[in-house]
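Since the structure comes first, as structure tokens, the remarks are kept for the end.
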Amino acid sequence: MNTDIAEGKWKQLKGAAQEKWGDITDDEWDRVAGKREQFIGLMQEKHGKGREEAEKAFEEMCETDA
């Protein structure tokens, strides 16, 4: 999914993301707001994921709503 689409559908995607990664705060999700690079950084910081794993998590999150 294109980052522009993720940003446009963020309110829908955010709910699914919060269910999967409940330890991330609302403020952190609002800061990400569907932006791929910010999401990847957050996953690396909060969950110790490598870049490839964080990129895959973003793509999977976006695909679940498609």
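What follows draws every value from the coordinates through simple rules; no lab data is involved. None of these values were measured; they are calculated from a predicted model. All Cβ positions, glycine included, derive from the backbone under ideal geometry; neighbour counts span all protein chains shown.
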Calculated Rg and Dmax of region 3-64 using C-alpha coordinates, Å:
10.2, 27
With -39,500 (n - 2.57) per DSSP H segment of 4 or more residues and division by the full residue count of the chain, the 222 nm estimate, nearest 500 deg cm²/dmol, is -22000 deg cm²/dmol
Output for region 1-54: trypsin sites (Lys or Arg not before Pro) sitting in coil per DSSP, at most 15 other Cβ within 10 Å, listed by number, reads 9
Distance (nanometres) between label positions extended 7 Å along Cα→Cβ at residue 12 and residue 27:
3.0 nm
Give me the dipole magnitude in Debye, nearest 20, for the chain about the Cα centre, with unit charges on the beta carbon: positive for Lys and Arg, negative for Asp and Glu.
40 debye
